[in-house]
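Derivation of every value follows stated rules applied to the coordinates shown; laboratory data play no part. Since the model is a prediction, treat every value here as computed from it, not as a measurement. Every residue, glycine as well, gets a Cβ built from its backbone with ideal geometry; the counts of neighbours run over all protein chains shown.
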Amino acid sequence: MTREDKYDCIMIAEFMGAKIIERENRIVCDFPKKSGFDWWLDYDTSWDWLMPVLIKIEEQGCIVDLAMTSLGCVASISPVNEDIFFKNQSNILIEATYKSVVDYIKWYKN
């Protein structure tokens, strides 16, 4: 994986405490409390990767709301005591959730 391939996934990995290591134009991540390195960051395609991120966001005092309706799937992240929310809609719930997580982390970093 290169930095260009998964820029947003790398940003999420850093949010989760990973140390990003570039070797020969390749990216590996060294996560705390995990042995070895990860080459693939599947935050955009795997609930196993994305759910710990949602838990961390909730632990920071945010309300996370995921909904599946007849109109599509909606994911919303609302920081408590802030007049802002990050809401995305898609036909696929993990896609909407991933986009909301990316929007939240971009805001959080600033």
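Provide the FRET efficiency to the nearest 0.05 for the Asn25-Gln89 pair, computing r from the beta carbons and using R0 = 35 Å.
Numbers: r = 35 Å, r/R0 = 1.01.
Efficiency for this residue pair is about 0.50.
Please identify the chymotrypsin sites (Phe, Trp or Tyr not before Pro) of the stretch 9-110 that satisfy two criteria: DSSP loop assignment and at most 11 other Cβ atoms within 10 Å. Which are they?
In loop regions of the stretch 9-110 (DSSP not H, G, I, E or B), the sparsely surrounded chymotrypsin sites (Phe, Trp or Tyr not before Pro) are Trp39.
How far, in degrees from 0 to 90, does helix 47-59 lean away from the longest principal axis of the Cα atoms of the chain, to the nearest 10? Computed tilt is about 70 degrees. Over the chain, the ratio between the Cα radius of gyration and 2.2 N^0.38 Å evaluates to 1.10. This ranking places Ser46, Ser90, Ser76, Ser70 by how few other beta-carbon atoms lie within 10 Å of each, fewest first, which gives Ser70, Ser46, Ser90, Ser76.
The residue list Met68, Ile10, Ile92 was ranked by how far each Cα lies along the charge dipole of the chain toward its positive end, using unit charges on Cβ atoms, and Ile10 comes out on top.
Computed from Cα atoms, the angle from the helix 93-109 axis to the main principal axis of the chain rounds to 70 degrees. Between Met51 and Glu14, full extension at 0.36 nm per residue minus the direct alpha carbon distance yields a gain of 11.8 nm.
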